[in-house]
Amino acid sequence: MTIPLRLAFLGVTHPHAAAWADAARTDPRTTIATVHDADSDAGRTFAARYDADAVASVTDALRAVDAVVVDGRNDEAVGYAHAAIDAGLPVFVEKTGARTAADLAEVGARAREAGLVSQMGYFARYSDSVERAARTLADGTLGELYLARFHSAIPHQAWRTMAHWFADGTNVVTPFMEAGCHMVDVVRHLLGEPSDIRATRVRRPGTPSPGEDALAATMRIGGAVVTIDFTAHEADPWNTGWGGELFGDTATLRFHVTPARTALGTGTHVPEVVSPVATDDADAIAACMAAENVELMRRGMAAFIDAVHGTAPSPVDVADGARTLAVIEAALASCDLPGTDPAVHPTSASAAAR
């Protein structure tokens, strides 16, 4: 029997840290050995939950372990990731992984140069519906893709229950980068690299957001126009409204990330729907989402373990994660460009003459 990989957790204050640790604990191929966090109380509490050793320094955490999970604040992640790489250890990095694409790209480049496995914590890409969308695109069911639309959000209630995280501008750059990065990863995973990015955002006075309160970005990917919209104040609970629509000339595919629902329309008025639960059963939806979220983390952690063992490549390494942040930074930068106001931009010469 293979000896379990001994994991060190560097940073444990990210909202997803416990979920990834649960996934690691339930996989017989891993054990959580050491925990370090700059917040020593948080580190001790987390270590006790997983029967691990809470240690006072990064150096102590990296002794006698086989791989590292970086799952703390965004402004701490780069330092922790570099420490893991310097110690010659594979590293799993929670998103966003850095406050800038350049900083994360440096981590990714150093991991590749050292021949070390790295992986980002982008779990939405493991959704059954995202996987179905990838297969549908690959098998040509949609025909030529002309348009795609994607949506993600932060629930408005999160600003009451998680303001310590989302409203901290020293940690979170903008809400779109913090939460919308999952959907940007899905877009790149499904469709490839975007170009010609343009975006608009609104930041209302009086909100706790360190950045935009809503944003929409338009881009080209291949021969398709692709849009991503985002709100930091959605009434729906986490992930319920997240999803996308892919419009081809042969079929249309609509999907929800979780519950992992897809609807494939091929020219009739009634699409073929695949859904694990009825769309009007609130209790079943809540139970399904809870189970799916656990499963998505399990799949992501299993993929990291496979990559460390050399049985499969990392599905999304840190260099790949840096490109997702670069797309987000391009969208944020384009928001600062002046738009066109139709009131002062006549649509034709005849309009200008009137």
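Things to note:
- With Cα atoms defining each centre, the range 190-216 and the range 105-161 are spaced 17 Å apart in the structure.
- With contacts taken as Cα pairs under 8 Å at a separation of at least 6 residues, the chain carries a relative contact order of 18 percent.
- Taking max minus min of the alpha-carbon positions on each principal axis, the range 10-68 gives extents of 27, 26, 16 Å, largest first.
- Spherically averaged projected area in nm², based on the convex hull that wraps the Cα atoms of the range 45-180: 11.6 nm²
- The chain - Rg over Rh from alpha carbon coordinates, Kirkwood radius: 1.00
- On the basis of the beta-carbon distance and an R0 of 30 Å, Thr340 and Val274 show a calculated FRET efficiency of 0.15.
- Counting only DSSP beta bridges whose two residues both lie in the chain, roughly 55 percent are antiparallel.
- The range 31-88: relative contact order as a whole-number percent, Cα under 8 Å and 6+ apart: 29 percent
- With the alpha-carbon atoms of the range 121-219 aligned to their principal axes, the span from lowest to highest coordinate is 47, 28, 20 Å, starting with the largest.
- Per residue, the accessible area of the chain comes to 45 Å², computed with a 1.4 Å probe over protein heavy atoms only.
- Under the simplified labelling scheme, the His16-Thr311 pair shows an inter-label distance of 2.3 nm, with each label point 7 Å from Cα along Cα→Cβ.
- Extension gain (nm, one decimal) between Tyr146 and Asp41, 0.36 nm per residue minus Cα-Cα: 32.6 nm
- Translational diffusion coefficient (Stokes-Einstein; Kirkwood radius from C-alpha pairs) of the range 173-226 at 4 °C, 1.567 mPa s, in µm²/s: 106 µm²/s
- Entry note, the range 1-127: relative contact order of 23 percent, from Cα contacts under 8 Å with a spacing of 6+ residues.
- For the range 96-169, alpha-carbon Rg over 2.2 N^0.38 Å: 1.58
- Surface composition of the chain: carbon plus sulfur atoms hold 54% of the accessible area, using a 1.4 angstrom probe and ignoring ligands, DNA and RNA.
- Net lengthening on full extension, Glu113/Trp165 (0.36 nm per residue, minus Cα-Cα): 15.4 nm
- Extending 7 Å from the Cα toward the beta-carbon at both Asp51 and Ala290 defines two label points whose distance is 2.4 nm.
- The range 143-161 residues near the modelled Thr266 label - backbone nitrogen below 15 Å, point 7 Å along Cα→Cβ: 143-144
The values are calculated or read from the model by the stated rules, or taken from the named source; none is laboratory data. Since the model is a prediction, treat every value here as computed from it, not as a measurement. All Cβ positions, glycine included, derive from the backbone under ideal geometry; neighbour counts span all protein chains shown. In case anyone asks, the SASA skips ligands and DNA or RNA and just uses the protein heavy atoms, side chains included. Shrake-Rupley method; radii C 1.70, N 1.55, O 1.52, S 1.80 Å.
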